[in-house]
Amino acid sequence: MALQSRGLSLGQRRAVWAYIFLLVPLAFFITIRFAPTLFAMSVSLFRWDILSPNKPWMGLKNYEALFADPVFWQSLTNTLLYVALSVPLQLVIGLFFALLLQAAAHWRGFFRALYFIPFVTSTVAISWVWRWIYQPSFGPLNKLLALIGLPEQKFLASPDQALASIVVAIVWQALGFYVIIFLAGLEAIPTDFYEAAKIDGARSWEIFRHITLPLLNPTIVFLTVIGTINAIQVFTQVLNMSFQGMGGPLDSTKSLVLFIYQQGFKSFKMGYASAGTVVLFAIILVITIIQLRVTTRRVEY
Amino acid sequence: MKRVLFVFVAALALVALMTACAAPTPEPTKPPAPAPTQPPAAAPTKAPEPTKAPEPTQAPAPTVAAAPVEIEYWQYFFETKKNLVDQLIVEFQKQNPNIKVVHTTFPYEQYNEKVAASVPAGRGPDVINLFYGWLPLYIDSGYLAPLPEKDFPVATIEKDFIPMVQIAKVDGKYYALPTAVRNLAIFYNKDLWTKAGLDATKPPKTFDELAEAAKKMTKVEGGKMMVAGWRVDLSNQDHNLYREILTRAYGGIPQSDDHKKIQWNATPGGYEAWQFLVDLTAKHKVSEPTIGQDGPTAWLAQQAGMMVSGSFYLGTAKSKATFNWGVFPMPAGPKAQANFGSFWTHGITSKAAKDPAKLAASVKFLQFLTSADVMKKWTPAIGELPARAEVLKDPMFVNDPLLAPFLQTLPVSYASYFVDETADRKALMDAYDAVVLKNADPKKSLDEAVAKVQKLFDDYWAKKK
């Protein structure tokens, strides 16, 4: 074989073999990820009515229609709201519980498992349980409100509260994942720093502010990126928690992915839906690049 | 060096993949198919057509071809319908031993998706059950084949079937025929009705009387609605109530005859009708959007005294309601009485039409499904009303206290023409929510709904040109 020709040094030959092994996952990614992505991009340039054999070329008309569609803008705004609300909440609450867990001397494994259970539970099941919790008149949450003398809330049935209500469910479910990752990050911080700081008489807030937080930076970056991407792609919770999966009331909870799904699979406008996916792809790409640039400042000691 | 090599290898892999993708995907073959199914139109040379196998030396089969034919029938999952069709298929196969019918059902929510997904794969049903409102979409896309004139003459269809089925006629051809049709009526809880001091022998004749009865049945305790007199639910049937029934009842015509213009707000009557509907929640407070999960659930849980639903709901009500209940006919408005009619209908797919043996078998099956005999079994089992005018006159239906309220208004039942039923419904749901949840101006919200739906129609007709 040409690869084993004497022209290549040992190092080069090794590299070649490495690349050959890398080809396997590469082939997988190309067929499962890249090819469909490119295909979706091309579909977005046609009127791709899935039932119809005629799929006329549209150029950028799908995009024009998309940008003129108020529901698209509404779902885009909602999606950004999902990100803006869920990511910081998950980070702060996740870190809070991770710090508590780290301080706990006993039962740590038990608590860790406990917090992680929601994360490995079916999102659909969780969404329906939350839907029940939020039920007007019969839901436990409203019963609780009545018990302490507060007025009944509509939660998922109100255009003003529905999105926030879904965010609570999302945060609750993702919390376990954040706690676990934060714990790993916390445990990777060398104890020498803490000891040195204590000897210097630093208070615990100062230790947290100047040691823990900076050294957790890679963890925070990772979680922010993952959390943002997840929140941009939010779908299952909205589908299951809004009435008939419509993203209502009044489109107030409709996420971009749900919008795309409805256009593609309810109205059969695959071309239009694909244009939506391309826009979503571009948004995720830009946000991720910005986040990586802004947040990966190395902290050296 | 390394990098160059990598790029080269990656490019090679990519090219290989592209060519693999560009090659025509092989036609998936169905296991027990004696005849080749659905050859793509562009590739006619598909080997020698397997001759219809063994020469029929013995007594020729009574029906279609000699070789056994398998056809596939799809419908959405509705328990009573699935069970009945299973029984009917057994009967049909006894009559036509050479035809085997494979019956597949999908949940209603996924139905269109499943059909859509089957198209690129070149599979799917030969005979399909569709909601009539989806027909324009399925007909325009070429998914359905017109019913053969020799087997289903247009004149005969129009003589034998009730006029509602004509919505399946496009350019003079029928694309689908139903076994049964449905229209709406008021389901009421008799216990709550008498408890509110209402007379069960005197059902409301007008919408105003209906609203009065709803007010009496509504029960509020400590600011909390315990019973809605009339659970208004636009996601269920009440969008139809507005679109086809109330607009006409108040003197409007919902759509222009050529299905190009939405006229809900074209007359003062259209606005009055809308005002009546939103007032039930916003002003009279006989309903709340949050009581019960939805209309039928609230009604079954005795949280609603009344709801609008169809004859198709009779079966569920019979098996699930734990209280005394009844049905009365759709009331009239100040100007007219109208009802909304709809139906699930059977069509033959273009896929089946390409194969003469399958087409013949599909025609047989469709004729069977739309026969008077099947209708007489269908109505008692499902609750839907027979689509043949002559069967409708059968005393067993006319004298049925639960079916009679539906039959009475069948002559004034109209089927709406939809280009996108989901979006059409959602426009009305959103307009209603805007009024009851956000205190929007009813007139303005209706105008917005009309604009949205009009755009759907404009886009649809522009595409057809």
Extension reserve of the residue B:109-residue B:377 stretch, reckoned as 0.36 nm per residue once the Cα distance is removed: 93.8 nm
Residues in segment A:208-247, backbone N under 14 Å from the label point at residue A:189 (7 Å along the Cα-to-beta-carbon vector): list them, ranges by number please. A:208-221
Whole number please: convex hull volume per residue, Cα atoms of chain B, in Å³. 210
For residue B:206, residues with placed amide H under 5 Å, excluding near neighbours: B:332
Of A:171, A:91, A:244, which is farthest towards the positive pole of chain A's charge dipole, taken about the Cα centre with +1 and -1 on the beta-carbons of Lys, Arg and Asp, Glu respectively? A:244
With a cap of 14 neighbouring Cβ atoms within 10 Å, and only residues DSSP puts in a loop, list the trypsin sites (Lys or Arg not before Pro) found in segment B:166-252. B:205
Using the Karplus curve 6.51 cos²θ - 1.76 cosθ + 1.60 with θ = phi - 60°, what ³J(HN,Hα) values do you get for each residue of segment B:69-86, in whole Hz, with x for Gly and Pro? 10, 10, 10, 10, 10, 10, 8, 7, 7, 9, 3, 4, 5, 4, 4, 5, 5, 4
Which value, in debye to the nearest 20, describes the size of the charge dipole of the protein assembly as shown about its Cα centre when Lys and Arg Cβ atoms bear +1, Asp and Glu Cβ atoms bear -1, and nothing else is charged? 1340
Kirkwood Rh in Å, taken over segment A:145-301 so that all alpha-carbon pairs contribute: 19.0
Please compute, for peptide A:244-250, the average count of beta-carbon atoms on other protein chains lying within 10 Å of each residue's beta-carbon. 6
Spatially close lysines, pair count over segment B:150-276: Cα under 24 Å, gap of eight or more or interchain: 28
Just the projected area, averaged over all directions, of the convex hull on the alpha carbon atoms of segment A:2-43: how many nm²? 3.8
State the antiparallel share, in %, of DSSP beta bridges confined to the protein assembly as shown, rounding to the nearest 5. 70
Rounded to the nearest 20 debye, dipole of chain B from Cβ charges on Lys, Arg, Asp, Glu: 500
How about segment B:305-374: which chymotrypsin sites (Phe, Trp or Tyr not before Pro) there are in a DSSP loop, with at most 14 other Cβ atoms within 10 Å of their Cβ? B:323
Computed over segment A:63-295, the relative contact order (Cα-Cα under 8 Å, seq sep at least six) in percent reads 30
Ranking B:362, B:436, B:378 by how far each Cα lies towards the positive end of the charge dipole of segment B:324-465 (+1 on Lys and Arg Cβ, -1 on Asp and Glu Cβ), the top one is B:362
Unit-weight point scatterers at every alpha-carbon of chain A, Debye formula, q = 0.08, 0.10, 0.14 1/Å: log10 I(q)/I(0) is -0.52, -0.77, -1.16
Cβ-Cβ FRET estimate between residue B:170 and residue B:389, R0 fixed at 22 Å, reported to 0.05: 0.50
Which log10 I(q)/I(0) values, to two decimals, does the protein assembly as shown give at q = 0.07, 0.09 Å⁻¹ under the Debye formula with one point per Cα? -0.66, -1.01
Based on the Cβ-Cβ distance of residue B:451 and residue A:207, what FRET efficiency does E = 1/(1 + (r/R0)^6) give at R0 = 41 Å, to the nearest 0.05? 0.10
Total lysine pairs under 26 Å (Cα atoms) in segment A:63-295, excluding pairs fewer than 8 apart on one chain: 4
Integer Hz, Karplus 6.51/-1.76/1.60 couplings in order for segment A:275-283, x for Gly and Pro: 4, x, 5, 5, 4, 4, 4, 4, 4
Within a 10 angstrom radius of each residue's Cβ in B:110-120, how many Cβ atoms of other chains show up on average? Whole number is fine. 3
Kindly give the semi-axes, whole Å and largest first, of the ellipsoid equivalent to segment B:244-331, taking each as the square root of 5 times a Cα gyration tensor eigenvalue. 30, 17, 11
Which whole number gives the average count of other chain Cβ atoms within 10 Å of the Cβ atoms across peptide A:49-58? 5
Just going by the charge dipole of the protein assembly as shown, with Lys and Arg at +1 and Asp and Glu at -1 on Cβ, which of B:323, A:153, A:207 is farthest out on the positive end? A:207
Order by protection proxy (mean Cβ within 10 Å, highest first), peptides A:101-111, B:283-293: B:283-293, A:101-111
If amide H atoms are modeled at 1.01 Å from N in the peptide plane, then the residues at a separation of 5 or more from residue B:325, or on another chain, having amide H under 5 Å from its own are B:190
Between residue B:79 and residue A:100, Cβ-based FRET efficiency (R0 45 Å, step 0.05) works out to 0.35
Integer Hz, Karplus 6.51/-1.76/1.60 couplings in order for segment A:169-186, x for Gly and Pro: 5, 5, 4, 4, 6, 7, 3, x, 4, 5, 4, 5, 5, 4, 4, 4, x, 5
Chain B, relative contact order in percent, only Cα pairs under 8 angstrom and at least six apart counted: 21
Could you give the size of the charge dipole of segment A:63-295 about its Cα centre, using +1 on the Cβ of each K and R and -1 on the Cβ of each D and E, expressed in debye and rounded to the nearest 20? 360
Distant-in-sequence amide H partners of residue B:69 (H built 1.01 Å from N, under 5 Å): B:99, B:100
Excluding same-chain residues fewer than 8 positions from residue B:82, which aspartates and glutamates have a Cα within less than 15 Å of its Cα? B:72, B:91, B:384
Compute the angle between helix B:2-22 and the longest alpha-carbon principal axis of chain B, please, reported from 0 to 90 degrees and rounded to the nearest 10. 80
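All of the numbers you see were taken from the coordinates with simple rules; none came from a lab. Please read all numbers here as calculations on a predicted model, not as lab measurements. All Cβ positions, even for glycine, are placed from backbone atoms using ideal geometry, and neighbour counts span all protein chains on display.
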